[in-house]
Structures are given as structure tokens and as C-alpha cells.
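Okay, so here's the structure we're looking at.
What follows draws every value from the coordinates through simple rules; no lab data is involved. Being a predicted model, the structure only gives us computed values, none of them experimental. Here the Cβ positions follow ideal geometry from the backbone for every residue, glycine too, while neighbour counts run over all protein chains shown.
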């Protein structure tokens, strides 16, 4: 017997309410609802199911889950340089 996650069931029920909208608009609305009303543990569970069992989710709920998953952004700050000791000057200044 397979028991469905409560978050999967809820996400699929929410998705059913948005099938009258265009898919991208529906997924955005579902994601907004989940972001507003679900606690982080519920969102984490949904993210886990989207990654490991996407077939259990309505396609709109799956797209909403993808919208909720943060995408890594490249760092805008330069990478730190590690200073090295100038071997020509014992105990002298460091150079970047």
C-alpha cells in the first residue's frame, strides 16, 4: 500500500484549482500560495518529492515546486585572495 505525502496531496489539490489558467500563470499562482501559507518544512518535503518522485505531482504542482527551488546565483563579489609571504624579505610584507 502506497501512502501519499500530505504535501503532495495538498499541492495536487491546489493545482486542481488553477487548471483554468495558462500553465505558467497557474504554476506561478500555486508557487505564490505555497510560499505564503506553507512552513519551510512543508516546502522542503514538497521539494524532496519533486526531486525524487516527480510523477506523484500534478504537472502544475511540479512546475510550482521548481519555481520555489532557489537556483544558485553566481557570486558578484570577487573571490578572496590568500596573501602569501614574500620570501625575499624575511618577516616582510605580504603580497596579494
Exercise. Working from the pairwise distances between different alpha carbons, so that the mean of 1/r is found and then inverted, what is segment 6-68's Kirkwood radius in Å?
Worked result: 11.1
Exercise. Residue separation times 0.36 nm, minus the C-alpha to C-alpha distance between residue 35 and residue 20: what's the value?
Worked result: 3.3 nm
Exercise. What spacing in nm lies between the two simple spin-label points modelled at residue 47 and residue 9, each 7 Å away from Cα in the Cβ direction?
Worked result: 2.4
For this session: Write down the radius of gyration of segment 1-42 and its Dmax, each obtained from C-alpha positions, in Å.
Result: 11.3, 35
